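**Q** Sharing a structure below in structure tokens format, with a few things to ask.
The values are calculated or read from the model by the stated rules, or taken from the named source; none is laboratory data. Since the model is a prediction, treat every value here as computed from it, not as a measurement. Cβ: placed from backbone, ideal geometry, glycine included. Neighbour counts: every protein chain shown.
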Ligand SMILES: Cc1cc2nc3c(=O)[nH]c(=O)nc-3n(C[C@H](O)[C@H](O)[C@H](O)COP(=O)(O)OP(=O)(O)OC[C@H]3O[C@@H](n4cnc5c(N)ncnc54)[C@H](O)[C@@H]3O)c2cc1C
């Protein structure tokens, strides 16, 4: 039996970021079922940071994460976490009204975004088809993220503060005995007064194990393909996103990374790409751009897990003292990780929102599990 102050189930970016910040206040044990942290969703992302991405409860978390990602604390990482790229949202003639509405909403948050016509959009990414792209919106702040560096930085920091990362440690039983959450795993039994559920796609399973009602988390599968570079390829192209979120593509290590932006409901599993989704990705991208595809160089799929209102669930379960939900990061868990970690720290240790979010129109209630109870 091993005791600590904070016990966290799941060592993806969520568990790692919460553990990093909580390890400043007490002992932390991070329990991970797999033999290496990051095997599931965290290791399968498209790795970009876009303040425009996500709804009104996501954007503040992303924007407030920017300073940490741009200038992490000393010793966090040997290399930069972010690399400038820019995002280009594109629209066909029939999508221009959607593009204009998005531009108007975004300009309030990001004055630097610029609305442009078709030729200007094509100048930023010349493989875009003249007969397809009628307009664009450029978001300069969008960047590539070094996901591994962010994840490892959190894990390293946690260990430097005396925290432990325990792999091959699937939580198989969770009970609350004498005020302590007691978690049995193949790597030992752990106890703590505070238990964080950071189990990603398995969040509801972990709640059930603890005898609690699920909140209705839904994992949605998303597919990525890596394609050979087309003629005229430049590594400096922006990430190009369909304004209706039906596809995106971007340069990645000299290749094209592309997705059909699929959201297929799935059980919590080790997600694998389906041939149909790969074909849809290629078809949609070829309608918009001259990217010949002779073969697919690599492919994978991952689960983006959402709550019923697509806002993360962060907070204590109302009738289970010490059980803290930290799930539902959806498609934004990397770009929001620093502020999500701070949010968990601040709610658990101080019972309030972190000051970095003071200027934003968000409250603890926006994220609390109470909204599903
Ligand atoms: C294709 C794709 C593209 C994406 N692109 C982006 C992007 O560009 N930018 C961005 O910010 N986000 C992106 N995301 C989303 C981002 O990857 C996720 O929001 C984030 O990784 C979720 O992290 P997590 O820690 O909650 O989940 P996970 O990384 O899945 O971690 C959960 C962990 O919990 C463990 N676990 C579960 N049950 C148990 C148990 N009983 N005991 C012990 N351990 C357990 C699992 O093994 C797993 O390792 C993308 C996701 C996908 C799939």
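**Q** Restricting attention to region 254-268, does a residue exist that is within 12 Å of the ligand (Cβ to nearest atom), in the same structural domain as residue 122 (by TED's automatic domain parsing), crowded, with 17+ Cβ neighbours inside 10 Å and farther than 23 Å from residue 40 by Cβ?
**A** no
**Q** Here's a follow-up. Would you tally the residues in region 197-214 being near the ligand (Cβ under 10 Å from one of its atoms) and assigned to a helix (DSSP H, G or I)?
**A** 7
**Q** Give me the residue from region 42-57 that is near the ligand (Cβ under 6 Å from one of its atoms) and touching a strand residue (DSSP E or B) at 6+ places or on another chain (Cβ under 6 Å) and, out of that set, nearest to residue 273 (Cα to Cα).
**A** Within region 42-57, the subset near the ligand (Cβ under 6 Å from one of its atoms) is 42, 44-48.
Those still in the list that are touching a strand residue (DSSP E or B) at 6+ places or on another chain (Cβ under 6 Å) too: 44, 47-48.
Working: 44: 11, 47: 18, 48: 20 Å.
Here the answer is 44.
**Q** Test residue 227 against the criterion of being surrounded by 15 or more Cβ atoms within 10 Å (Cβ to Cβ) and under 30 Å from residue 319 (Cα atoms), and give yes or no. Outline the logic, then answer.
**A** Details: surrounded by 15 or more Cβ atoms within 10 Å (Cβ to Cβ): yes; under 30 Å from residue 319 (Cα atoms): no.
Taking the combined requirement at face value, the residue does not satisfy it.
**Q** Quick check on my filter: what residues within region 305-323 are touching a helix residue (DSSP H, G or I) at 6+ places or on another chain (Cβ under 7 Å), within 12 Å of the ligand (Cβ to nearest atom) and assigned to a strand (DSSP E or B)?
**A** Passing the criteria: 305, 313, 314.
**Q** Another one. Within region 1-110, considering only helices (runs of 4 or more DSSP H) that don't extend past its boundaries, which have at least 1 residues that are within 23 Å of residue 170 (Cα to Cα) and in the same structural domain as residue 190 (by TED's automatic domain parsing)?
**A** Numbers: elements: 13-22, 59-70, 96-109.
Of the helices (runs of 4 or more DSSP H) lying wholly inside region 1-110, those with at least 1 residues that are within 23 Å of residue 170 (Cα to Cα) and in the same structural domain as residue 190 (by TED's automatic domain parsing) span 13-22.
**Q** Moving on to the next point. For region 149-172, name all the residues that are out of contact with any helix residue (DSSP H, G or I) (no Cβ under 7 Å at 6 or more places or on another chain) and either in a strand (DSSP E or B) or more than 12 Å from the ligand (Cβ to nearest atom) (or both).
**A** 149, 152, 153, 156, 159, 160, 161, 162, 164, 166
**Q** For residue 16, only one of the following conditions fails: (1) touching a strand residue (DSSP E or B) at 6+ places or on another chain (Cβ under 8 Å); (2) surrounded by fewer than 17 Cβ atoms within 10 Å (Cβ to Cβ); (3) closer than 20 Å to residue 158 by Cα. What is its number?
**A** If we test residue 16 against (1) touching a strand residue (DSSP E or B) at 6+ places or on another chain (Cβ under 8 Å); (2) surrounded by fewer than 17 Cβ atoms within 10 Å (Cβ to Cβ); (3) closer than 20 Å to residue 158 by Cα, just (2) comes out false.
**Q** For the condition over 26 Å from the mean Cα position of the chain (by Cα), surrounded by 23 or more Cβ atoms within 10 Å (Cβ to Cβ) and within 26 Å of residue 321 (Cα to Cα), what is the one hit in 202, 190?
**A** Matching residue, one of 202, 190: 190.
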